[in-house]
Amino acid sequence: MRKFPLIVLLAAAPLSAVPPPPPVPVTLEATQNYIRALTSKDRDVYDALLAEDFVGHDGHSEKSKDRATWLSEISGAFASPGFHVTVLNVFQGGQIVSGQYRQRAMVVERVTNFATRPNGAPAGDCCVFYLTETITFDGGQIDRIDRSPFFENALSKSGERTDLNRRPGN
């Protein structure tokens, strides 16, 4: 009878008290290498991370992109002197994909693609935008990236615009 209160206490403990499993070391290393490749514009490291059967899904198109197309587009972005990526947040988890549990990471990015003329004035590229990339791993390689559409405005955690100067009474 003394075990009954212990059993009730254990059964009442929230399931969230159990921490999620840590990322698999090879996935953690691949995630870190991906972030380094993005922020330093290292095409060779980026290229080495993509699996041969890689598929990319861009938020601007319903068509998937093969490895060569995706790599060509990222190479063009990396070549732009105004292209810069700042990683704002990274989340790790997993999901069952085609009957297999797969490690995944979601990278939240702030991207700047202002190209400048020699006099410092902005050239053809124009913007700062935000996006997420959900990366699915097969071991230490990336076999899928799902990229969100671009978001232009950063809002506060309460949904207020952060780019407007607010004066009392306005």
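Data table
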| read-out | value |
| --- | --- |
| Accessible surface, segment 41-101, averaged per residue in Å² (probe 1.4 Å) | 61 Å² |
| Long-range amide H partners of Val97 with built H, under 5 Å | Arg102 |
| Accessible-area ranking of Glu52, Glu109, largest first, probe 1.4 Å | Glu52, Glu109 |
| Reachable aspartates and glutamates, given that their alpha-carbon falls under 18 Å from the alpha-carbon of Lys157 and they are not under 8 places away in the same chain | Glu109 |
| Protection-proxy order for peptides 88-100, 129-141, 66-78, each taking the mean of Cβ atoms within 10 Å per residue, highest first | 129-141, 66-78, 88-100 |
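The values are calculated or read from the model by the stated rules, or taken from the named source; none is laboratory data. From a predicted model like this one, the values you see are computed outputs, not experimental measurements. A quick note on method: Cβ atoms are made from the backbone with ideal geometry, for glycine too, and the neighbour counts reach across all protein chains shown. For the accessible areas, the whole protein counts, side chains as well, though only heavy atoms, and no ligand, DNA or RNA atoms are used. Shrake-Rupley method; radii C 1.70, N 1.55, O 1.52, S 1.80 Å.
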